[in-house]
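Some notes on the structure that comes next.
The values are calculated or read from the model by the stated rules, or taken from the named source; none is laboratory data. Worth saying up front: this structure is predicted, and the values here are computed from it rather than measured. No Cβ is skipped: glycine too gets one built from the backbone with ideal geometry, and neighbour counts run over all protein chains shown.
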Amino acid sequence: METSPLTPSVGIGTRAARGGRRALVALAATALAALAGCTPGGSSTPSGPGPGEPIPWVAPSSKPRPGADDRVTAALLTADRIGGLPAIGEPKNFIIEPQLCDQQPETFKETSASAAAMWQDGDVRVVQGTVSFRTAVADAAAAVAEVRAKATCESFTARDGRHVLVRVPDLAPVAGVDAAHVVCEELRGDERGRGDAVRGARCTALLARDDVMSVLYAIALTRERAESLARVAAGLSAATLVKAW
């Protein structure tokens, strides 16, 4: 099967692992892996090094905010289906940290509680991670702002040599959240960087409220499908995020 560096790896663990080093260590790995490598209850098989180097785990400089575990769990979607994709459980190795334009956000080093869920049908999937930021970060909106500021490229070359086009779709105001942003990536060419055929796409949606962020990855064979899924998932996630308090 054709592999792609546009699928997020899995690594924050199940809800039982939230709020400790096990959840945070997961943020140290690269955010891209094989298109078919994210499996429920298992691990992914990377196609090679991702665009960015892994970030080593660093001891947080501040304490989690009171009630972070409860808010992170409450912000996680529980829908049986998203965009026609059935829920398939909690990925054990999900990396919540977005990596866009070969940039890794520094603010994600200051996180505490986390949770994850996934919906999938064949090579099409939606993966959600929810995470709480510690008191050293003003709020989750600051992390969205950092991603927005860094993910400004129109394209970049993945470490396996393939070309990645980057597009920022227009996103209507999302009621009840402090910040929201969507970035879509489209993989072009073969594993040797030849040709311009579309090989897969991923859209990353970020929604923030207070100390909690919902990170959504929509992966499909075309950018249009990935973007459509990201918009549907973002709408559902916003409503759930508002109710987490």
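In this entry, Val126 passes the filter for residues that are closer than 18 Å to Ala230 by Cβ, touching a helix residue (DSSP H, G or I) at 6+ places or on another chain (Cβ under 7 Å) and modelled with pLDDT of 80 or more.
Might you check whether a residue that is of a type in the set (Lys, Arg), closer than 28 Å to Thr73 by Cα and touching a helix residue (DSSP H, G or I) at 6+ places or on another chain (Cβ under 8 Å) occurs anywhere in region 187-206?
Looking for residues that are of a type in the set (Lys, Arg), closer than 28 Å to Thr73 by Cα and touching a helix residue (DSSP H, G or I) at 6+ places or on another chain (Cβ under 8 Å), one finds at least one in region 187-206, hence yes.
Looking at (1) under 24 Å from Val183 (Cα atoms); (2) surrounded by fewer than 18 Cβ atoms within 10 Å (Cβ to Cβ); (3) modelled with pLDDT under 50; (4) of a type in the set (Gly, Ala, Ser), which is the only condition Gly84 fails? The number of the failed condition is (3). Checked against (1) at pLDDT 90 or above; (2) buried (at least 19 other Cβ atoms within 10 Å of the Cβ); (3) out of contact with any Asp or Glu (no Cβ under 7 Å at 6 or more places or on another chain), Glu154 passes all but condition (2). Being in a loop (DSSP other than H, G, I, E, B), farther than 27 Å from Gly83 by Cα and of a type outside the set (Lys, Arg) is not true of Gly176.
Would you confirm whether any residue within region 205-225 is in a helix (DSSP H, G or I), over 17 Å from Phe108 (Cα atoms) and in contact (Cβ under 8 Å) with a residue 40 or more places away in the chain? Looking for residues that are in a helix (DSSP H, G or I), over 17 Å from Phe108 (Cα atoms) and in contact (Cβ under 8 Å) with a residue 40 or more places away in the chain, one finds at least one in region 205-225, hence yes.
Does Thr78 satisfy the criteria of being at pLDDT 50 or above and either among the basic types (Lys, Arg) or within 23 Å of Val232 (Cβ to Cβ) (or both)? Reasoning before the result, please.
Details: at pLDDT 50 or above: yes; either among the basic types (Lys, Arg) or within 23 Å of Val232 (Cβ to Cβ) (or both): yes.
When the stated conditions are applied, Thr78 passes them.
Among the numbered conditions (1) charged (D, E, K, R); (2) more than 17 Å from Arg231 (Cβ to Cβ); (3) touching a strand residue (DSSP E or B) at 6+ places or on another chain (Cβ under 7 Å), the only one that Glu185 does not meet is (2). What is the one condition in (1) of a type in the set (Val, Ile, Thr); (2) surrounded by fewer than 22 Cβ atoms within 10 Å (Cβ to Cβ); (3) closer than 25 Å to Thr73 by Cα that Ile219 does not satisfy? Every condition holds for Ile219 apart from (2).
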